[in-house]
Structure formats: C-alpha cells, structure tokens
1. Mean Kyte-Doolittle hydropathy of -0.5 or higher plus an axial Cα length of 18 Å or more: which whole DSSP H helices in the chain meet both?
2. Using amide H atoms built in the peptide plane, which far-off residues or other-chain residues are under 5 Å from residue 152 H to H?
3. What does the helix-only formula give at 222 nm for the chain: each DSSP H stretch with n ≥ 4 adding -39500 (n - 2.57), the total divided by the residues, and the result rounded to the nearest 500 deg cm²/dmol?
4. Quick one: 3J(HN,Hα) in Hz for region 100-106, Karplus 6.51/-1.76/1.60 with θ = phi - 60°, rounded, Gly and Pro as x.
5. Net charge within 10 Å of residue 17 by Cβ-Cβ distance, Lys/Arg positive one each and Asp/Glu negative one each, not counting residue 17 itself?
6. For every other residue with a beta carbon closer than 11 angstrom to the beta carbon of residue 95, add +1 if it is Lys or Arg and -1 if Asp or Glu, then tell me the sum.
7. Please report the antiparallel percentage of the DSSP beta bridges confined to the chain, to the nearest 5.
8. Mind listing the phi-derived Karplus ³J(HN,Hα) values for region 157-173, rounded to whole Hz, using 6.51, -1.76 and 1.60 with θ = phi - 60°, and x for any glycine or proline?
Amino acid sequence: MGQPRVPIEVDDANGTWSVDGIPMILVPRHFFVNNHTAIEAALGEQRYAQQLFEAGHKSAYVWCEKEARTHGLNGVEIFHHYMKRLSQRGWGQFQVEAVDIERGHARVRVDHSVFVLERKDAAPRKTCYMFRGWFPGSLEFVGTLLDKRLCLTSSEVQCAAEGQHDHCVFEVVPVSN
C-alpha cells in the first residue's frame, strides 16, 4: 500500500481533508455502500439512478473545471486525469478504452468497482450505475474547452456484478433528440 498517490492536506484547525484544494471526506467503503444500498431500497433503483446521474454529471463537470485550472490541463487530457484520480481514490480502476470528443463517444472499463466488491453474495445485476453521470459530465466540460457543445449520456453495457464478466464497461454517446 504505502503512501497515498494523491497529496492529502489536513487542516489542523478544523480537520478538513483536501486534495488539490478540494475538500474531501474519508469514510469506510462498506459505510458508503451500505448507505447507497439503503437509499436505493427507499427510492427504487430507477429513481435513485436518475438522481445520481444528474448529481454525478454536475460534480464531474465542476471537478474537471477546477482540476484543469489547478494543473493547467487542457483537452482530452482532463478526461484521462479524471479517470486517474477516480482510480486513486478507491472507486475502482478506470481505464479509457476509447474517446472521440468530435463524435461525443467514449468507452471506459472499470475493474474492481467498489459496488462489485461490496456485493459479495447478492443476486447478479448491474450495480455500478452511480458512475453513469461522471463520464458525460467530464467529457462535456472537455467539449467546452474545444468550443463544442456536447450533450452526452452513458450506459453500463456490462457489469462484473452480473457474474458473467470480470470488469464493467460504460459507453458514452450523444443524447438523441
């Protein structure tokens, strides 16, 4: 394990953790997934997934905007940086398999998803829908830097929690009118 791969700053006065100037919260994985599962049960998967898409989309856009400024990143390198940081923060291992900003398409592979790892003996199904808004949100931000107005969505086309695959795959495409 060793040292964190991202610099964590802790404010001695108030205990706030931050990375690149963005406040963070560190919680055990099981705590987060148990809360996620409870909300899913209360709202229903479809309604909860839509709420997560919207919140995740906005959060990814804002995060990429801040990181681009902080690190002087531009273009598609911001998307790759975002996948790297997600991988360093315990959500899973995110790998960009393909990205085409001009067409508004991307394919992202996720190994060791937190939602797959915590499911253990649960019934097989797609479980990683929390990530769906993250990819379009980050790519839409990249588009703004390239003077492209993108309106994107994504879907999980395979999930390791289904029991047939060893990893998850998300595809990003333009929203159809």
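1. Length and hydropathy pass: 29-43.
2. Under 5 Å from the amide H of residue 152: 175.
3. After summing the helix terms and dividing by the residues of the chain, the value is -13000 deg cm²/dmol.
4. 9, 4, 4, 8, x, 10, 7
5. Working: positive: none; negative: 9, 11.
Summing Lys/Arg as +1 and Asp/Glu as -1 gives -2.
6. +1
7. 100 percent
8. Values per residue, Gly and Pro as x: 8, 7, 9, 4, 6, 6, x, 9, 9, 9, 7, 9, 9, 10, 10, 9, 9 Hz.
Here, each number is a calculation from the coordinates, and none is a lab measurement. Everything numeric here is computed off the predicted structure, so don't read it as measured data. When we count neighbours, we look across all protein chains shown, and the Cβ atoms used for this are built from the backbone with ideal geometry, even at glycine.
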